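Written below as structure tokens is the structure these notes are about.
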Amino acid sequence: MSEPFDPSRWRPASFLPEEDARDPALLFVVAVLCFLACLTGLGVIAGTRAAHGWASQLTGEATVIVRARGGETPDAAAARAAEALAGVPGVTEARALEKEKAYALIKPWLGDVADLDDLPVPRLVAVGLDAKRPATAATLSAALKGQGLDAVVDDHSVWIEDIRHAAGVVSWTAATLLLLIAGAAGAVVAYATRAGLAARRDVVEVLHLTGAEDSQISNLFELRFARIAAVAGAAGAAGAAALGGVLRVIGGGQGITPALPIAWIDLLAVLPCPLLAALVAALAARVTARGLIQKL
Amino acid sequence: MTPPVDTSADEILRFAGVSMRYGRGPEVLSDVSLSLPRGSFHFVTGPSGAGKSSLLKLIYLAARPSSGSVRLFGEDIAATPTRELPRIRRRIGVVFQDLLLLDHLSAFDNTALPLRIAGHKPAEYRGDVAELLTWVGLGQRMNALPPTLAGGEKQRLAIARAVVNRPEILLADEPTGNVDHEMALRIYRLFVELNRLGTTVIIATHDQDLVARSARPVLHLEKGRLRPLPPQGPLAEPGE
């Protein structure tokens, strides 16, 4: 037999039922959407970093192809070119590459040739450029010509616009996906809120007719749905962060692929997800609840 | 013929030429004018569809008239901003026709609802709620959920919730509709007691026997219009 009711120990119950059969399904759907949104967010960060990396690599480097003239050996010509370029303003480093690297570049076209030394394979000089005031291709060419070298400067900046454009497309596509998924999450929460309110129309009606302010009523639903969305957001964010962590561990510093390098600090980007999900849910609940109350 | 309008300062409710329709439907109330003094006790009678519930809805501000004016507590409702309406609603207690009890809340929580909404602290009203529930005969069922209560118990619970905030007006829509005669008399005596304490009581009912025996003034509706009640000899006040 249950204990007799003691009014002095009574604590007010929630105006809304503590549990709703729809809550677990809503929580799952919002968690999945948050997971996808966080994953896309990590992709945006990694893609943007990769794009910046490609661009800075291209702006910070140039390659010079040096051909030997007269009796000079290719190695000597390359060494002379490196020395000439090292003194040019805007150059931070000039280094003659080993002949094997040059051979490796032409191997796809020539195949395994027994003795490449018999061929007039040009040598390469890698030039590091000052990031702030890089030397131009014309300056480098002039310096090489001044030393009587037969050389061609491969200006990487020709590719930068294409790379930047490609990187921008990747970033914007990912950002659009992120917005779409976030929008879908908001729409799902709004739809669920409307369904929840419709199911709790009796509560809304009683509170409204008993003199509750509109804000009192909408706050109940805001808190309910914000709490569900926050839990779902935390679960989705944790899942995305865990997957990101796995990719980081498997792929090392470059993540799963050099095209999408994930850093540990990137995983912190999922932290706002529960808060954002809760805010979207609260806003959706407020708008829906106020709309319903207006119709009463 | 409509009843004469009382223009005394102690008027708590006034309808002046009030008509009402739902959406674009036909008028459910037409040109209703009335004035009720504070502390009065009225029955609203009439056949089904006469507009009794609609009249009460206008009073507890669940609907607005399509024409005419409603003054409650001296305030013109049409001119009152929407944000002010909850404050006025809190001065009115309603026993709804379908009771509108919240099934997930105990009898105690259901009764305390208006006090919580009004912002009172539990310590201020715990004792009052328990006393009121005991007074309506639910002292042993305070922790029960409405679905576990009998019809008469639910009715008394709805009444307890309606009066717990000591409203200035108590409206009851068919409060004895689902109870036996004895329970109907008990409920009626509750209303009489509240009226003696100063509450203005308006009861919409089909129970002609109760109306006839009470000898209280009647607002009789037919097809949305106030009509004089056919003369009936007053009987002794039930329970008095």
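The values are calculated or read from the model by the stated rules, or taken from the named source; none is laboratory data. Predicted model, so just to flag it, every value in this text is computed and none were measured. No Cβ is skipped: glycine too gets one built from the backbone with ideal geometry, and neighbour counts run over all protein chains shown.
The table that follows gives values for the structure above.
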{"quantity": "Pairs, first more than 13 Å from residue B:94 (Cβ to Cβ) in the stretch B:43-62, second among the small types (Gly, Ala, Ser) and in a loop (DSSP other than H, G, I, E, B), C-beta under 8 Å, six or more apart", "calculated": "B:50/B:224; B:51/B:224; B:52/B:46; B:54/B:63; B:54/B:224"}
{"quantity": "Total residues in the stretch B:52-92, condition among the hydroxyl-bearing types (Ser, Thr, Tyr) and not in a helix (DSSP H, G or I)", "calculated": "5"}
{"quantity": "Conditions (1) within 14 Å of chain B (Cβ to nearest Cβ); (2) in contact with a helix residue (DSSP H, G or I) (Cβ under 6 Å, 6 or more places away or on another chain): number failed by residue A:225", "calculated": "(1)"}
{"quantity": "Answer from B:51, B:39 - the residue that is within 22 Å of residue B:221 (Cβ to Cβ) and within 17 Å of the chain's Cα centre (by Cα)", "calculated": "B:51"}
{"quantity": "Given (1) within 30 Å of residue A:233 (Cβ to Cβ); (2) surrounded by fewer than 21 Cβ atoms within 10 Å (Cβ to Cβ), index of the condition residue A:58 fails", "calculated": "(1)"}
{"quantity": "Residue list for the stretch B:145-164, filter: surrounded by fewer than 17 Cβ atoms within 10 Å (Cβ to Cβ) and either touching a residue at least 60 places away in the same chain (Cβ under 8 Å) or within 14 Å of chain A (Cβ to nearest Cβ) (or both)", "calculated": "B:145, B:147, B:148"}
{"quantity": "Selection status of residue A:240, surrounded by 19 or more Cβ atoms within 10 Å (Cβ to Cβ) and away from chain B (no Cβ under 14 Å)", "calculated": "yes"}
{"quantity": "Number of the exception - residue B:56 against (1) within 30 Å of residue B:142 (Cα to Cα); (2) at pLDDT below 95", "calculated": "(2)"}
{"quantity": "Some residue of the stretch A:193-206 being hydrophobic (A, V, I, L, M, F, W, C) and in a loop (DSSP other than H, G, I, E, B)", "calculated": "no"}
{"quantity": "Residue that is nearest to residue A:93 (Cα to Cα) [pool: residues in the stretch A:148-159 that are at pLDDT 85 or above and in a loop (DSSP other than H, G, I, E, B)]", "calculated": "A:149"}
{"quantity": "Flag if residue A:47 is surrounded by fewer than 19 Cβ atoms within 10 Å (Cβ to Cβ) and either in the same structural domain as residue A:166 (by TED's automatic domain parsing) or closer than 30 Å to residue A:123 by Cα (or both)", "calculated": "no"}
{"quantity": "Which listed residue, of B:160, B:123, is under 17 Å from the mean Cα position of the chain (by Cα) and at pLDDT below 95", "calculated": "B:160"}
{"quantity": "Test: residue B:123 is among the small types (Gly, Ala, Ser) and surrounded by 22 or more Cβ atoms within 10 Å (Cβ to Cβ)", "calculated": "no"}
{"quantity": "Pick from the stretch B:60-90, criterion of a type in the set (Gly, Ala, Ser) and more than 13 Å from chain A (Cβ to nearest Cβ), ranking: surrounded by the most Cβ atoms within 10 Å (Cβ to Cβ)", "calculated": "B:68"}
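Yes or no, residue by residue, for (1) within 23 Å of residue A:18 (Cβ to Cβ); (2) more than 7 Å from chain A (Cβ to nearest Cβ); (3) not polar (S, T, N, Q):
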{"residue": "B:103", "(1), (2), (3)": "yes, yes, yes"}
{"residue": "B:109", "(1), (2), (3)": "yes, no, yes"}
{"residue": "B:113", "(1), (2), (3)": "yes, no, yes"}
{"residue": "B:116", "(1), (2), (3)": "yes, no, yes"}
{"residue": "B:125", "(1), (2), (3)": "yes, yes, yes"}
{"residue": "B:131", "(1), (2), (3)": "no, yes, yes"}
{"residue": "B:138", "(1), (2), (3)": "no, yes, yes"}
{"residue": "B:143", "(1), (2), (3)": "yes, no, no"}
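Table: residues versus (1) buried (at least 22 other Cβ atoms within 10 Å of the Cβ); (2) among the acidic types (Asp, Glu); (3) under 30 Å from residue B:94 (Cα atoms).
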position	(1), (2), (3)
A:213	no, yes, yes
A:229	yes, no, no
A:235	no, no, no
A:249	no, no, no
A:277	yes, no, no
A:288	yes, no, yes
A:291	no, no, yes
A:294	no, no, yes
